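A.B. asks: There's a structure below that I have some questions on.
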Amino acid sequence: MLAALRTVSRSGSVALRAAHRAGPSARVFRPTPFVRTLVTKRYTEDHEAVLFDDQTQIGTVSITDYAQSSLGDVVYVELPQTGTAVEKGDQIGAVESVKAASDIFAPVSGTVEEINESLNDQPSLLNKSPEEKGWLCKIKVSNPSELEELMTEEEYKKHCESDH
């Protein structure tokens, strides 16, 4: 019986060696597609933030936590129309609170792809979650290099400290 196992094992190893010797054509290398997405967050002096996804070219615009705390309880939000072409610095909406009203400016140029409809019924989302659930609009960015002109998080923190 051991002789029979040796014979089977030898014939199997011969087949393995033959497959190994067959060379590169027997082995197929299929690289896994590697998708790199870079998400960048930048800030304006007027306390708007934009979260930019380089793969989709979409910038999600919001106000910062600093801005919402300065405004107080938000009672009304005016948003741009979907499809509106905007230039960096254009007024794209307004926020009204019990303390004051403040204009919202486009941090980047592009086309408004989507607005946060939830803010119509729940303007207080800007107070509860200004940079996540309280985002204002999504802009298809036409000139991503404009983001480099905006402040990084560290620069923005210094800017806020100097505001006091």
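A.B. asks: Looking at GLY110, is it at positive phi and in contact with a Gly (Cβ under 8 Å, 6 or more places away or on another chain)?
C.D. replies: For GLY110, the condition - at positive phi and in contact with a Gly (Cβ under 8 Å, 6 or more places away or on another chain) - is met.
A.B. asks: Hey, another quick one. Go through segment 86-111 residue by residue and tally those that are open to solvent by 80 Å² or more (accessible area, probe 1.4 Å), within 25 Å of GLU149 (Cβ to Cβ) and of a type outside the set (S, T, N, Q).
C.D. replies: 1
A.B. asks: Could you check segment 96-107 and list, in sequence order, the residues that are of a type in the set (A, V, I, L, M), assigned to a strand (DSSP E or B) and in contact with a Gly (Cβ under 8 Å, 6 or more places away or on another chain)?
C.D. replies: Answer for segment 96-107, where residues must be of a type in the set (A, V, I, L, M), assigned to a strand (DSSP E or B) and in contact with a Gly (Cβ under 8 Å, 6 or more places away or on another chain): just ILE104.
A.B. asks: Could you say which residue among GLY83, GLY93, GLY59 is small (Gly, Ala, Ser) and assigned to a loop (DSSP other than H, G, I, E, B)?
C.D. replies: GLY83
A.B. asks: Could you tell me whether segment 68-82 includes any residue that is closer than 15 Å to LEU147 by Cα, touching a Gly at 6+ places or on another chain (Cβ under 6 Å) and without any contact (Cβ under 8 Å) to a residue 60 or more places away in the chain?
C.D. replies: No - not one qualifying residue is present in segment 68-82.
A.B. asks: Within segment 39-55, is even one residue in contact with a Ser or Thr (Cβ under 7 Å, 6 or more places away or on another chain), touching a residue at least 12 places away in the same chain (Cβ under 8 Å), open to solvent by 20 Å² or more (accessible area, probe 1.4 Å) and polar (S, T, N, Q)?
C.D. replies: yes
A.B. asks: Report, by residue number, each residue of segment 112-164 that is free of Cβ contacts under 8 Å to residues at least 60 places away in the same chain, touching a Phe, Trp or Tyr at 6+ places or on another chain (Cβ under 7 Å) and either under 18 Å from GLY59 (Cβ atoms) or loosely packed, with under 13 Cβ neighbours inside 10 Å (or both).
C.D. replies: Of everything in segment 112-164, just one residue is free of Cβ contacts under 8 Å to residues at least 60 places away in the same chain, touching a Phe, Trp or Tyr at 6+ places or on another chain (Cβ under 7 Å) and either under 18 Å from GLY59 (Cβ atoms) or loosely packed, with under 13 Cβ neighbours inside 10 Å (or both), namely ASN116.
The values are calculated or read from the model by the stated rules, or taken from the named source; none is laboratory data. Owing to the predicted nature of the structure, the values given are computational and were not obtained by experimental measurement. As a convention, Cβ positions derive from the backbone with ideal geometry for all residues, glycine included, and neighbour counts pool all protein chains shown. Remember, those area values only see protein heavy atoms, side chains included, never the ligands or the DNA or RNA. Shrake-Rupley method; radii C 1.70, N 1.55, O 1.52, S 1.80 Å.
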